[in-house]
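Read through the structure below, which is laid out as C-alpha cells, and then see the notes.
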Protein chains: 2
Amino acid sequence: MSSYKDKKVITIGVMSELTGLSERKIRYYEERKLVFPERTQGGTRKYSFDDVERLIDIADKMEDGMQTFDIRRMEQKKLPKKELRERMLRGQLNAAFNIRK
Amino acid sequence: MSSYKDKKVITIGVMSELTGLSERKIRYYEERKLVFPERTQGGTRKYSFDDVERLIDIADKMEDGMQTFDIRRMEQKKLPKKELRERMLRGQLNAAFNIRK
DNA sequence: CGTGTAAGGAATTCTGACACG
DNA sequence: CGTGTAAGGAATTCTGACACG
C-alpha cells in the first residue's frame, strides 16, 4: 500500500512552486492542523504528493471564502450537514461581498 | 502520462536517506551521466522517484563490481551482448577477489 | 576509478514577532 | 482571521580540490 503519494519527501520551497502557495500560507495551514509534514533531523519540513493535492484543495476552499476552521471540520466530517451548509454559504457570501470581520 | 514518479522534487539529502547512498556517490553518478536531476533557481538538485529507483539499481550494479562506464552503456543497450557479458563477468570477478587496478 | 573529507560560500528553511485589516 | 515581511540563526547544498588505493 505504501505508495509514492504518501512518502514525505518534498521541501517547502518545492511545495510552494507546485501549489503556487506562499511558504507563509503553507506553514499557517499546518498551524491550523490542515497539513502534517514530517521533519528532517535538522527540522526542515517534508511533504508528500498527497499533501500537494490536499493543499491545492485547501487553497480552493479558502478562495471560496471558507475559513481554516471549517475546512478542518469538513475533513473530519463531524460537522452536522445543516450547519456545514450554512457555514459554506456564509463563506461564499463573505467572498462575494469581500466582507471584513 | 506525467505521473508523480517522474516529477523532480526530491533534494539530495532526502535522496541519500531513501537510497542509502552518500551524497558524494549520488553527485558522482551524475557526473558519470547516470542520473539527471533538475535544479532549483538557486542551483540545488531535485530528483524524482524514478531517480530513486534508478539509483538503487545503479548501486546494485556497482556492488556487483560493474563500472559506471558499463552501466551507462548497458542502459543505452548499445553494447554488443557478447562484450557486455564479458564485462559483467570481469566485474564480478573483480568484486569477488577485491582486485585493484 | 570510485569515494571520503575539509573548506568556504551561497541558497534554503526555521521560528517568533510586528503589521494590517 | 489570514498573510506579508524583516530579522537572525541554523540546516542544507554546492563546487573544486586533495587524498587514497
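Laboratory data are not the source of any read-out in this text; all were calculated from the coordinates shown. Note that the structure is predicted; figures quoted are calculated from it, not measured. Glycine gets a Cβ as well: all are built from the backbone with ideal geometry, and neighbour counts include every protein chain shown.
Hey, quick one: spin label on A:Asp50, modelled 7 Å out along Cα-Cβ, who in region B:2-18 has an amide N within reach, i.e. under 17 Å? Counting backbone N atoms under 17 Å from the label point, the list is B:4-5. With neighbour counts taken as other beta-carbon atoms within 10 Å, the residues A:Met15, B:Met74 rank, fewest first, as B:Met74, A:Met15.
Distances between copies of A:Glu75, taken at a point 7 Å out from Cα along the Cα→Cβ vector and listed shortest first: 3.6 nm.
Placing a label point 7 Å from the Cα of A:Glu38 along the Cα-to-Cβ line, the residues of region A:6-29 whose backbone N sits under 14 Å from it are A:6-11. Taking other Cβ atoms within 10 Å as a rough exposure proxy, B:Asp51, B:Asp57 sort from fewest to most as B:Asp57, B:Asp51.
Among the trypsin sites (Lys or Arg not before Pro) in region A:5-62, those located in a DSSP loop and surrounded by at most 15 other Cβ atoms within 10 Å of their own Cβ are A:Lys5, A:Arg32, A:Lys33. Once the Cβ-Cβ distance of A:Arg27 and B:Asp57 is raised to the sixth power relative to R0 = 30 Å, the FRET efficiency obtained is 0.25.
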